[in-house]
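The next block holds one structure in the form of C-alpha cells; read it before the comments.
The values are calculated or read from the model by the stated rules, or taken from the named source; none is laboratory data. This is a predicted model, so every value here is computed, not measured. Please note: Cβ atoms are built from the backbone with ideal geometry, for glycine as well, and neighbour counts cover all protein chains shown. Quick note on the areas: whole protein, heavy atoms, side chains included, nothing else; ligands and nucleic acids left out. Shrake-Rupley method; radii C 1.70, N 1.55, O 1.52, S 1.80 Å.
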Amino acid sequence: MFNFSKVFPKTINNKLNSPKVAMWIFILFTGLMTWRSIIHMFFEAYGLHSIANFIVLTGEPDPMPVIYRFFSLWGAAQLMFCFFCWIVIFKYKSLIPLMSLFWMFDWGQRIFIYPFIRSDIATIGEYTTDMTPGIDLAPIAFVITLVMFLISIKNNN
C-alpha cells in the first residue's frame, strides 16, 4: 500500500509515481505557505500583531524594529523553502514525498517539540492577546501534511 522508498527515489525526475491528488494537495499547501512567508517577510508588523496576536513591546530604545527584522528574516527562510518546493513542483515531482515529509516535520515540531522548549512565550496575556495561528492551527496543518505525505507514498493501483 505505502512505498517508503519514494521518499528517496533512485532517479530524480519530473514524474510522480503517486496518485495525482498528492501533487494537487502539495501545490495548494505550498501556495498557502508561500503566502504566509510573504506576509512574514514583507508585512512583518501586520503579521506579528494582526495575525499572530503579539502585543507591541515598548522600551528605550524601541525594541520593535529588531523584532520586526527577525520576524522578516523568518519569513525569508520560509520563502526560500517554498521556492525550493516550487522548483520541485515544476521540475522534480519525484521529490514531492520527501518535501511532504519536510512539511510534516516542520508542522509536527510545533506540536511535539517546540512547546517543551519555549512554552512561556505562548502564554496568552503576557506577550499575546490570543493564540497565534502557528500554534493554534498546528494540529490541523500537521494532519494535512501527514495525509499529504501518506498519499504521496501510496502506490498507484
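Structural remarks
- Test result for residue 83, farther than 14 Å from residue 33 by Cβ and either not in a helix (DSSP H, G or I) or not hydroxyl-bearing (Ser, Thr, Tyr) (or both): no
- Only one of the listed residues (102, 70) is assigned to a helix (DSSP H, G or I), more than 24 Å from residue 20 (Cβ to Cβ) and without any contact (Cβ under 8 Å) to a residue 24 or more places away in the chain. That residue is 70.
- Check on residue 34, in contact with a Leu (Cβ under 8 Å, 6 or more places away or on another chain) and either assigned to a loop (DSSP other than H, G, I, E, B) or under 26 Å from residue 91 (Cβ atoms) (or both): yes
- Being open to solvent by 50 Å² or more (accessible area, probe 1.4 Å), more than 19 Å from residue 24 (Cβ to Cβ) and within 15 Å of the chain's Cα centre (by Cα) holds for only one residue in 73, 79, and it is 73.
- Checked against the criterion of being more than 23 Å from residue 4 (Cα to Cα), open to solvent by 90 Å² or more (accessible area, probe 1.4 Å) and touching a residue at least 12 places away in the same chain (Cβ under 8 Å), the range 90-98 contains not a single residue that satisfies it.
- In this entry, residue 21 is excluded by the filter for residues that are open to solvent by less than 90 Å² (accessible area, probe 1.4 Å), touching a Pro at 6+ places or on another chain (Cβ under 6 Å) and modelled with pLDDT of 95 or more.
- Per-region count, the range 113-139, residues exposed (fewer than 13 other Cβ atoms within 10 Å of the Cβ), in contact with a Phe, Trp or Tyr (Cβ under 9 Å, 6 or more places away or on another chain) and either modelled with pLDDT of 80 or more or within 22 Å of residue 46 (Cβ to Cβ) (or both): 1
- Scanning the range 23-44 for residues being closer than 28 Å to residue 146 by Cβ and free of Cβ contacts under 8 Å to residues at least 24 places away in the same chain gives a total of 5.
- For residue 110, the conditions (1) in contact with a helix residue (DSSP H, G or I) (Cβ under 6 Å, 6 or more places away or on another chain); (2) of a type in the set (Lys, Arg); (3) open to solvent by 70 Å² or more (accessible area, probe 1.4 Å) are fulfilled apart from (3).
- Yes/no for residue 39 being out of contact with any strand residue (DSSP E or B) (no Cβ under 6 Å at 6 or more places or on another chain) and buried (at least 16 other Cβ atoms within 10 Å of the Cβ): yes
- Here the range 45-67 is the region considered, the condition is being open to solvent by 50 Å² or more (accessible area, probe 1.4 Å), touching a helix residue (DSSP H, G or I) at 6+ places or on another chain (Cβ under 8 Å) and in a helix (DSSP H, G or I), and the residue that is nearest to residue 150 (Cα to Cα) is 51.
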